[in-house]
Amino acid sequence: MTAQRTRRICVLTGGGDAPGLNAVLFGLVMRAAHHGIEVIGSEDGFDGLITGRTMLLDEPRVRGIASRGGSIIGCSNRANPFAYPVRLPSGEIETRDESARVIEELQRLGADMLVALGGDGTMFMTDRLGQLGVRTIGVPKTIDNDLAATDVTFGFQSAVECATWAVDRLHSTAAAHDRVMIVEVMGRYAGWIAIESGLAGGAHVILLPEIPYDVERVAQKIHERTQMGLTYSVVVVSEGAKPVGGEVAVLEHMPKGHLPRLGGAGERLQRALEPLIREHEIRVTVLGHLQRGGSPTPFDRNLGMRFGVAAADLAARGAAGRMVSLRNGSVVDVPISEAVGRNRFVPPDGELCQTARAVGIELGG
Ligand code: F6P
């Protein structure tokens, strides 16, 4: 079977934003123009295809955007075409299957390739649309770095840089007040941001979703430091970290087909530690969306551009059902299905955790 030539791409940025999305759009649009392919952007992820909001992306529109955070076409982590949330007059939220509407809109726009930038959720939706006959290409994105089938996602390094900056700064104020400073970082059910920023920032305790923690061990570490005359401690806790036998702290449950909002892991740890650490005050900093905002690092800009160019090349070849990926430093492509239903977690006995233990960091379990 000969691959169908692509004439018009529809691109969307699904899920939460990640630094580097605009760099992908820049690379994609510039390279697509070289192949004589037009690019249209769907606004706010799949929402634009469901509600009929799209924009032409041409060179004047994308010039100079690679260094900017966010996405010039907007993002949505609610617009799942297979479980689209609709508020009923009663105030209740019902989810509807709007996939047929997405397919119709792509046809109406004359888009013969859908390029979806996103994390595991977006790749799942894109793969399902592929099964319904839509020609699709995936571009892996997430600050969480938990996507299977790629060694790294763009956005992650920028998030780690932000979290490291925060951990670095907490040392001096913690020391000045002899306090325990807890910093809660993002990452969902994967501890990549926590382990990398905690190691780089010299945290004394790092708690990951992959290693359920024993609060007594955390307290013990703080006591040992106090006995050595080190009267403060910095603890990095992943939002998805949980105590042994406990659950992940959820801030808000979402309608069917949508992930819950995580949050509160830092405060919960504070409450559990307070009775065990009477000699120090404990303060919590939740970094939240600071980790997603702002300019991408040079690495994320360049990886984004490389992914964008590679996605345009795939589209030009008519290679549908593929996702661009970074493997051993090179951009390759893999079936989108490889990124679906399988996440990448921090191996509890892998090199990063071993290094942390070797330099005296307590991992809680
Ligand atoms: O997946 C990226 C991420 O930033 C997670 O680390 C975090 O749990 C979630 O998105 C936050 O989502 P929202 O922007 O909906 O609060």
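The values are calculated or read from the model by the stated rules, or taken from the named source; none is laboratory data. Just so you know, these numbers come straight off a predicted model, no measurement behind them. So basically every Cβ, Gly included, is an ideal-geometry build from the backbone, and we count neighbours across all protein chains shown. Ligands, DNA and RNA are stripped out before the accessible areas are found, and what is left, the full protein with its side chains, is counted by its heavy atoms. Shrake-Rupley method; radii C 1.70, N 1.55, O 1.52, S 1.80 Å.
Would you say residue 322 is surrounded by fewer than 19 Cβ atoms within 10 Å (Cβ to Cβ) and either modelled with pLDDT of 95 or more or more than 16 Å from the ligand (Cβ to nearest atom) (or both)? Judged against the criteria, residue 322 is not a match. Regarding residue 217, is this residue over 18 Å from the mean Cα position of the chain (by Cα), more than 23 Å from residue 85 (Cβ to Cβ) and without any contact (Cβ under 8 Å) to a residue 24 or more places away in the chain? In short, no. Got at least one residue in region 257-272 being of a type outside the set (Phe, Trp, Tyr), open to solvent by 50 Å² or more (accessible area, probe 1.4 Å), in a loop (DSSP other than H, G, I, E, B) and closer than 18 Å to residue 146 by Cα? Yes, region 257-272 contains a residue that is of a type outside the set (Phe, Trp, Tyr), open to solvent by 50 Å² or more (accessible area, probe 1.4 Å), in a loop (DSSP other than H, G, I, E, B) and closer than 18 Å to residue 146 by Cα.
Per the listing 184, 224, 196, the residue uniquely over 16 Å from residue 277 (Cα atoms) and in a helix (DSSP H, G or I) is 196. Residue under question is residue 355, and the condition is that it be in contact (Cβ under 8 Å) with a residue 60 or more places away in the chain and under 15 Å from residue 145 (Cβ atoms); does it hold? Spelling it out, it is not the case that residue 355 is in contact (Cβ under 8 Å) with a residue 60 or more places away in the chain and under 15 Å from residue 145 (Cβ atoms). In the condition set (1) closer than 28 Å to residue 286 by Cβ; (2) open to solvent by less than 10 Å² (accessible area, probe 1.4 Å); (3) not hydroxyl-bearing (Ser, Thr, Tyr), residue 175 is compliant with all but (2). For the list (1) buried (at least 18 other Cβ atoms within 10 Å of the Cβ); (2) among the aliphatic types (A, V, I, L, M); (3) out of contact with any Pro (no Cβ under 6 Å at 6 or more places or on another chain), I need the number of the one condition that residue 103 fails. Going through (1) buried (at least 18 other Cβ atoms within 10 Å of the Cβ); (2) among the aliphatic types (A, V, I, L, M); (3) out of contact with any Pro (no Cβ under 6 Å at 6 or more places or on another chain) one by one, residue 103 breaks only (1).
Looking across 200, 190, 194, one residue alone is away from the ligand (no atom under 15 Å from the Cβ) and more than 19 Å from residue 334 (Cβ to Cβ). It is 200.
Annotation note: Cβ proximity below 7 Å between a residue of region 236-254 that is touching a residue at least 40 places away in the same chain (Cβ under 8 Å) and a residue that is more than 11 Å from the ligand (Cβ to nearest atom) and open to solvent by 20 Å² or more (accessible area, probe 1.4 Å) (sequence gap 6+ or interchain) occurs for 244/212; 244/214; 244/365; 248/242. In region 245-256, of all residues being loosely packed, with under 13 Cβ neighbours inside 10 Å and away from the ligand (no atom under 12 Å from the Cβ), the one that is modelled with the lowest pLDDT corresponds to 256.
Only one of the numbered conditions (1) in contact with a Gly (Cβ under 7 Å, 6 or more places away or on another chain); (2) at pLDDT below 95 is not met by residue 240, and that is (2). Of all the listed residues (286, 334), the sole one being within 20 Å of the chain's Cα centre (by Cα) and under 19 Å from residue 156 (Cα atoms) is 286.
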